[in-house]
Structures are given as C-alpha cells and as structure tokens.
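The values are calculated or read from the model by the stated rules, or taken from the named source; none is laboratory data. In this text, all values refer to a predicted model and were calculated from it rather than measured experimentally. Note that we place each Cβ from the backbone using ideal geometry, even for glycine, and neighbour counts take in every protein chain shown.
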Amino acid sequence: MSTKQIKSSIHRFRVRRPSSPGERRRSASPPAMPTAAPTPTPDAAQAASAPSATSTTSSSAAPAGGPRDMPACDRCRSFKKKCSRTFPTCALCANAGQRCSFSTSASSSEAQAHHLRARVEWLSRLVNQNLPAGAPAIETFGTGTDVSVLGSAAAAMSAPPSVVGGTSPAMQLELAGRTPGSGATPGSIVISGFEPASDPATGDPRGPVTVSLTAGATGSAIRTLSEDALARRLVDAYFRHIHRAYPFMNKAQVLRELEHSGDSAWPRRSSDSTLLFLVMVLGCTTLQRSGQMSSDVSSKFDVPSAEIVQECLLREDLESIQILVLLALYSLFDPGATSTWSIAGIAARKAMSFGLSRRASEDRTLSVTEVEFRHRLFWSTWVLDRVMSISRGLPPALSDDNIDVPLPGLTVEEFASPDRQHFASVLQTHRHVIHLRQLEDRILTQIHTRRQSEVAAMSQSDRQAVVREIRMDIENWYSHGCLLSPLEADNVPIHSSVAWLSARYYQLLFFLHYPCQFNSFGSLVPAVELLRFAQKHLQSTMVLLQQRQLPLNRVTLCRIFPVGLVLMHCFISCTECTPFLALEELDSVIRVLEAFPEPWAHARQGCQLFRQFRSAVSGLSRQTPLHYQALLRPVMTEMASLMQDVLGKTTFYFFHEFLGGRGPMDQTGHSPTGPLQSSMAMMNDDGIIEDGWGSLEFGFM
C-alpha cells in the first residue's frame, strides 16, 4: 500500500477528541453513587421537586436543525440516547418516570432564555394551583401588580362572601347592564354599590376591587380581583363555550370594547357596551356550570330584559338582533327573566325582516367579512329558534322555506391568522350543531306537526320509510361527531364532548319515536324499545351532570319532562316492562331536577311529582291494580298541569285528551304499542278496573 493510500485511510476514519477528559468520563460512565454525582444546578433541583411540571414541559420538542444550545441531560448521556433537550425534564426521563438533571451549564444566551422561560412557566403553574377557587389566573395580572393579598387558605374557597369596607353585610358580584334611566351603564362592573374603577367627577382611578372570602372563625383570605382581569376571564369563557354553537360575535371587536370601557369613567351607552355586558353575563354562567367559578359567590346580574327588548324593537340593525340572541341565551338561565320563547321569536322575525335569510353577496357596500358575519348571525338565530321549538314542542318562528344562506366559513383574516386551526374547529362544531338542529327540525315537521289528514293517508310502509331515512341520518351525524370530539379535560366547551354527543344521539331517537299520531301503530317501535331510548338518554344526561357539562336552564328543564312522561307511560302500558325496569332512570330524573337552584319552582314541583310516582311504582308487587288508580290519578293530573305550564298548552309532547276520560277501547286504537296488550287493557278484560282508568294511558297513545 502506498503512502498516499495510507494517509487517505487515516483521514477517512479520523475521530474527533473530546474537549476534556472529565467530560468524556461523565458521558461514558455516570457516577453510580449519589456522593460522586456532580452538584446539580438550582434549576435541576427545582425540577426534581416539582413533578407536576414534568408532563407539561416535557412535551415541547427541541428545535430541529441549527446549533444545539441546550445540553443533553445526564441520563440520556449515560445511556447514549437522543435527548429532547427540554428543561426541566426531557421526554425520555418523563416517560420513564426518572429524575432528569442537567450537570452541564448552559453557556449560550438561547439556552439561558429557555431555562428562564421554563422556570417562569413552572412558577406560574405553582401559583395558580394555590389560588382560591374563582380567582383569575396569575397570567391575567400585569407585571408589577401587588398580589400580596392573594389568599391561599383552602377554607376560604367555599365560604360565603362579604364586603370589606362596604355597607352591605354580604357581597354580591353585580355586573350592571342597565339601559338609560336605570342608573348604570352596560358593561360597567359594580360590586355591592361600589363605583366603577374611576371617579365619574374627577376621573381619578379608584384602584382594584377588594373582596373578602370569609371562612368563619377558623380563618379568612382576602383576594384582590382586578376588574379588567375578571371581565377578560368572563369574555374568554363565553368564546370557549357558547361561541362554538353561536359564532356570530367578533371577538376582536368585543376585546376592543372591553379595553375602551376600562379607559373611561362611565363608558358610553351603546350597542357595543350592551353586547359586551351580555357576553360577560353568559361567560359567568358558563364558569359556574363548569365549576370554575364558585356557586357560593352569588352572582347577581341586573339585566333589564324588558327595557332591552323594547329598545331593540325600535331599531332596525344587526346589533339589535345580536342583542336579542344574547338576551335569549341569558334568559335560559334566569327563571325570573322574560320568556326565552318570546325573545327568540322576536329575534327570528327581525332576522327575516332584515333580509338575513337571503344571500347578501350582491350588496356592494358590505365587505366580505361583514357578509360572513351576517351569515353566522342568521344561522345562530336559526339554531336558537330550533332549540326552543324542539324543547317546548311548538312550531318554530323562523319558517322561511326559501332560505338561501351558505353555511358559515372562514373569513380572510381568520384564514391568514396563525390561529386558523382554532377558527376552523369552532366553525366545524357550529356546522355540526346546525346539522343537529336540522335533524330535530325534520323530526318536528315530518313526524309531530304533520297534518292529520296526511298522516291518515300514509300507509305503514310509508311511515317506516320516513323513520328509516331519518334514523340513517342520525347515525351519520353521530359518526361524524365522534371524529370531531377532542380528548381534553376542559369541561367548559361541551358541544364536542363524547358525553354530549351520546346524550343528543339518544335524544334524537327518543323524539323520533315519541308517541304521536304518526307513531300510533306499534310496528314502528315497541314500547320496550322506546323505554330503552329513554334509559340511554338519561344515562348520558347523568354523565353530563357528573362532569358538570349539563347546563341547568330552561332547555334542560323542558326536555326532562317528556322523558319522565314516557317512563310513566311504559309503566302503565307495556307488559314487557313488568317488573318495571326503569327505577334507576326515575331516580336520574329526580336527581337532575334536584340539581336546579332554588328559584326554579317548576323543577321543585316536578321533582316532588316524580318522587310520588317512584313511591307508587316501588310497591307494584305488594298492591292490587285497584290501588294504583287512587295513587296515580292525582300524580297524572298534576303532571299534566305542570307540563302545560312549562311547555305550553299546545305542545305536541302532551295532548289534551290526556284528561279527556276516554274509554280504554278508544285508547287501545291509538296505542303506540300496537300488537302489545297494555297492562291496563288486560286489567279491563278481567273486570278489575273501571272505564275511567283508561285516561291514564294518555290521550296520544
């Protein structure tokens, strides 16, 4: 071999020498004994004592390409593994559950900035974990804010509130949103009569609002809530949940109005300030439902519904429709507010009169973004109108058969935004909700509100074809929804959770086969199958209640009564359901009604009636059939009156023949169980029960 070839071989297999012998020994054989281990840095010591920060920080990956500013951890160096180089814990150590330490100090400025950023994130998480319930996150406070009075006593989290330095013995958080003449401005935040953040006369700032959470004789904690931080948290809660189903509000405009309202002593009274106030009100209801704002801190919202409605009726603009939709959504949660059915109807009719049910692309005065938000406002109004229609069993108000509005899509700004994926996810959820309401609307128009003459002319096979087609679309809707459901622990947004999808799926099947003239023949679905749909729906509803994803509002109240009525029907008319198999579901109905707050009188009354029915059903094997007439007739009569008060006199969920006293032979002709002999009919054949008992089989059956 020539000398030239030898030199070439040596050059090809040349190995670079490490910078120091100590570094080579540390990478090849790490110290086995703790005493011989190199002294960890303070950052590494903090990382080892904070396991809660492991799972969050370790998920971030090291930057691809370029110089590696972060050193590999000791464990990865010893095993010669590819380290993710994330501080304070790398991915391999986090997955193995082992301690991660960085003996080599970071020399570059990029690595030092990475260390500092990770340490700030860890400290922020540590502070947030020790904040009282309902307190805003530490990120909402500006740098330099005095947070020394933030309380950390655990007992203060569930204590009743009281005002420090105020005249009232008990504090109530009041977001005042009055119209002119009511003494306050929409969007201003007032706590127990305190003035806003600045003096109206001088304009001097008054400082933050002080609230005391008293823990009785054992201790107390005082926390300072910044008005801006509280308002921003409520706005964020609205856009995390309600905005997914009703995405007609422009978040950028709402945030600008929030900033402007804090700049002046008394913000101008305008449509924007009223919209901001209603957004914050709805955000608070969302946080209370999800358990992120303590229900013990009683939030009193002074919303003058009548004045707002009157003012909106005098105006013909988009803002008035937006205000009415938000006001209707708020009234769902207030038992003493104006009827949601009425407000939603006004909003629907104003939307039609304003031309929202037609394409606005020919209007050259509108920008592309404005046209898109008009489409979103129409579909939000349409969805709300259908929600109230199917919940109460009444015809919808927005009944335009020539709707020509495309489904919501991304605007140019949203498409070019770095948050494009988030905007697309919101609109996907909204479209999925629209599809759900379209299915409910089909069930309403083709099954329950169809003309009796048309129903009588349809053969059994025609009815089965209609039901089969709707059933197939329901299955497709549920399958598509499962693809959109993210796996997240956040219970604020509910419209994409698996539990919500399951509850809506069985609710659609329940409404599809609900007893009515269309479903009068039992061959469509037997009573035992209808009972199964009701059971599955209640089981999913209980999951939502346990996960704090069930909104306790008018919609939930209206929809629980028909389910309970079907349970009563199956007990009376279904021989295959004997012994009664839905005792647990009756208990679920009772628990849902018990969960409603005290002001909901109809929920309390319904809970008492279902308890009485539960007591009667539990004694089925110990009493003769004659005794049930005396036990159940008063319950049925009161239930009929209650359902008419809650749902309306003409709801299709209940027929007036319920109290008509028709004979059992007439009832049998309309029984949805068809070939199945009802238990009451069998009793009548044996001569045990009188004809008047037939009214208990319900007029629609």
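Check off (1) touching a Lys or Arg at 6+ places or on another chain (Cβ under 7 Å); (2) within 21 Å of Val281 (Cα to Cα); (3) outside any helix (DSSP H, G or I) for Ala397 and give me the number that stays unchecked.
All conditions pass for Ala397, except number (2).
Could you say which residue among Leu234, Leu230 is crowded, with 21+ Cβ neighbours inside 10 Å, assigned to a helix (DSSP H, G or I), over 16 Å from the mean Cα position of the chain (by Cα) and modelled with pLDDT under 90?
Leu230
Which pairs have Cβ atoms under 7 Å, sit 6 or more apart or on different chains, and link a residue in segment 419-434 that is touching a residue at least 60 places away in the same chain (Cβ under 8 Å) to one that is of a type in the set (D, E, K, R) and buried (at least 16 other Cβ atoms within 10 Å of the Cβ)?
Note: pairs meeting the criteria are Val426/Arg244; Thr429/Arg244; His430/Arg244.
From Ser391, Ser367, Ser380, which residue is farther than 17 Å from Arg554 by Cα and in contact with a helix residue (DSSP H, G or I) (Cβ under 8 Å, 6 or more places away or on another chain)?
Ser380
Among the candidates Glu529, Glu454, Glu475, which residue alone is acidic (Asp, Glu) and under 24 Å from the mean Cα position of the chain (by Cα)?
Being acidic (Asp, Glu) and under 24 Å from the mean Cα position of the chain (by Cα) holds for just one of Glu529, Glu454, Glu475, which is Glu475.
Within the set of pairs 6+ apart or on separate chains, which have a first residue in segment 304-320 that is without any contact (Cβ under 8 Å) to a residue 40 or more places away in the chain, a second that is not polar (S, T, N, Q) and not in a helix (DSSP H, G or I), and C-beta atoms under 7 Å apart?
Ser305/Ala337; Glu316/Phe354
Which residue is modelled with the highest pLDDT, if the candidates are limited to segment 270-294 and must be in a loop (DSSP other than H, G, I, E, B) and crowded, with 18+ Cβ neighbours inside 10 Å?
Out of the qualifying residues, it is Met293.
Only one of Arg504, Arg471 is of a type in the set (Lys, Arg), over 26 Å from Phe423 (Cα atoms) and assigned by TED's automatic domain parsing to the domain that holds Gln428. Can you tell me which?
Going through Arg504, Arg471 in turn, the sole match is Arg471.
Restricting attention to segment 360-377, does a residue exist that is under 22 Å from the mean Cα position of the chain (by Cα) and either over 25 Å from Leu314 (Cβ atoms) or not assigned by TED's automatic domain parsing to the domain that holds Leu647 (or both)?
yes
Here are Cys570, Cys558: which of them is at pLDDT 85 or above and either more than 20 Å from Leu631 (Cα to Cα) or part of a helix (DSSP H, G or I) (or both)?
Cys558
Here is a list of conditions, (1) assigned to a helix (DSSP H, G or I); (2) more than 25 Å from the chain's Cα centre (by Cα); (3) not charged (D, E, K, R), and Leu384 meets all of them except one; can you say which number that is?
Condition not satisfied by Leu384: (2).
Answer yes if at least one residue in segment 440-451 is surrounded by 20 or more Cβ atoms within 10 Å (Cβ to Cβ) and basic (Lys, Arg), and no otherwise.
No - not one qualifying residue is present in segment 440-451.
Can you tell me which condition Ser101 does not meet? The list is (1) surrounded by 15 or more Cβ atoms within 10 Å (Cβ to Cβ); (2) modelled with pLDDT under 75; (3) under 19 Å from Glu121 (Cα atoms), and all the others hold.
So the condition that Ser101 fails would be (2).
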